[in-house]
């Protein structure tokens, strides 16, 4: 009983310590984003001054610039803006877009709806398929099968996502009668909208599949010749069950390397896919906000990316502690 209480206390302490670092990490990332946007020159001011000068209104430049800064709270000291912004994001008041006037939280919610509608299916299919194929390749004695899986992995990693997306839209989509010409307004809650998001989901899934296949095959090979695998094979245990045993043993190291790589793949692919397919998701909205110097939207989308990355890392730490009882113990079980 004493040992059990110590283990539980250790788990709770680990959970809260990782949680505190996760929160500090989110604020550190968004603070850096605030500094980059706030402390660099605003090209919007130069654009406004240039247009007024071309229109022969040079005498109004200063007044227009002051109005421009006041509308964006740029006439206040940076420290004041930063403190107010920290308070606002903490109470979930992320402000309004300078370009559209819409609440940033509303834009984030709409963007996430589009992004998650193709990312989640792609990640699920790619992860399950990649782990299965990687473990099968590690335990399969057929060299042709292993070479085939290696070729698939190299192709999926080597061909850029933007090239696949562009080729599909230019060469393949026009030949498919049921494929919509553009993303419907009611996507993804309609059949046409769901069909339009199938190719982006497959592109995401292919990249995730390649990464998971590589890691699962590498970790599977480490255990393929271990005593417990040979014993299970000797007594006639099915290959599927052996794969399950290997997955349970390799779960912690596989989780550690795959989640970090998964975030990198998703961040890059989301921006590329949404730009090519013109999907108004998180990546596309962030790109437009950066071009417009729409600071509330830039910071809001940065919050989403930071929360996703740090949240996944936090999940990884908690999952590691749950999968391997030795992780996070401070000697309480000794």
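Laboratory data are not the source of any read-out in this text; all were calculated from the coordinates shown. Since we're looking at a predicted model, the values are computed, not measured. Cβ: placed from backbone, ideal geometry, glycine included. Neighbour counts: every protein chain shown.
Exposure proxy shown here: for 52, 197, 291, the number of other Cβ atoms within 10 Å sets the order, fewest to most, as 291, 52, 197. Percentage of Cα-Cα pair distances in the chain greater than 32 Å, rounded to whole percent? Value for the chain: 48 percent of Cα pairs lie more than 32 Å apart.
Taking the convex hull of the alpha carbon positions in segment 77-126 and averaging its projected area over all directions gives 5.0 nm². The C-alpha atoms of the chain define a longest principal axis, and helix 2-38 lies at about 30 degrees to it. With the simple spin-label model, which puts each label point 7 Å out from Cα in the Cβ direction, the residue 88 to residue 35 separation comes to 2.1 nm.
Entry for segment 1-160 at q = 0.08 Å⁻¹: log10 I(q)/I(0) = -0.57, Debye formula applied to identical alpha-carbon scatterers, no solvent contribution.
Taking the Cα atoms only, what angle lies between the long axis of helix 104-139 and the longest principal axis of the chain, rounded to 10 degrees? The angle comes out near 20 degrees. Per-residue ellipticity at 222 nm computed for the chain from its helices equals -26000 deg cm²/dmol, with DSSP H segments shorter than 4 residues left out and the rest contributing -39,500 (n - 2.57).
Calculated over segment 99-292, the projected area of the Cα convex hull averaged across directions stands at 13.4 nm². Modelled label positions at residue 71 and residue 307, each set 7 Å beyond Cα in the direction of Cβ, lie 2.9 nm from each other. Among 15, 284, 271, the largest mean-square fluctuation in a Gaussian network model of the chain (Cα springs under 10 Å) belongs to 15. Relative to the longest principal axis of the Cα atoms of the chain, the long axis of helix 43-54 makes an angle of roughly 30 degrees.
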